[in-house]
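A short reminder: the numbers here are calculations on the coordinates, not readings from a lab. Here the structure is a predicted model, which is why all the values come from computation and not from measurement. FYI the Cβ positions are ideal-geometry reconstructions off the backbone, even for glycines, and counts take in every protein chain you see.
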Amino acid sequence: MPSATPGPGTPCIFCEIAAHRAAGYILHEDDRTITFLDLYPFTRGHFLVVSRRHGARLEDLDETDRTALMDTVDRMCRRVARLAPDYNLALNAGAAAGQIVFHVHFHVIPRYGEANPFHPRTRVPLDPADAREIVALLGAP
């Protein structure tokens, strides 16, 4: 998986996706949040819920943006049942916690009864055909 930590002068990849300057398989967006598939998923349908406002950590957002982010997390957790009845919800805050893109985001990871998907392993890129199928399943309200 490529490094997602931007160097000096490098734009944040999540800000770029939110501004539609970088490609992403978008499941939901509104004026404060955007949800898209993880390009190196732990499991099929693994997606990210991201604030449009840049901040490395949840506490970097103002109350309005935090509330909007949590509302979208709630909405998207209800949709994930279209793929699997069980899921993990994760927020990594800081490098020691596993955060590699320093823009606040939640992972929603559908679970299919497999072993712990967080154990170190090679993560493979998202298949574009599968991505389109998942967008069709989860993108509609």
What is the set of long-range amide H partners of residue 88 at a cut-off below 5 Å, with H atoms built 1.01 Å from backbone N?
109, 111
Return, in residue-number order, each cysteine of the chain whose C-beta is not under 4.7 Å from any other cysteine's C-beta.
77
Calculate log10 I(q)/I(0) of the chain for q = 0.12, 0.13, 0.19 Å⁻¹, where I(q) comes from the Debye formula with a single equal point scatterer on each Cα and nothing for solvent.
-0.45, -0.53, -1.22
Cα-centred dipole magnitude for the chain, charges only on beta-carbon of K, R (+1) and D, E (-1), debye, nearest 20
280 debye
Please get the size of the charge dipole for the stretch 7-90, origin at its Cα centre, with Cβ charges of +1 on Lys and Arg and -1 on Asp and Glu, quoted in debye to the nearest 20.
320 debye
Length-normalised contact order of the chain in % [C-alpha pairs under 8 Å, at least 6 apart]:
30 percent
Please work out how much length the chain gains when fully extended from residue 88 to residue 58, using 0.36 nm per residue of separation minus the C-alpha to C-alpha distance, in nm with one decimal.
9.0 nm
Cβ density ranking, 10 Å radius, fewest first, applied to 61, 91 yields 91, 61
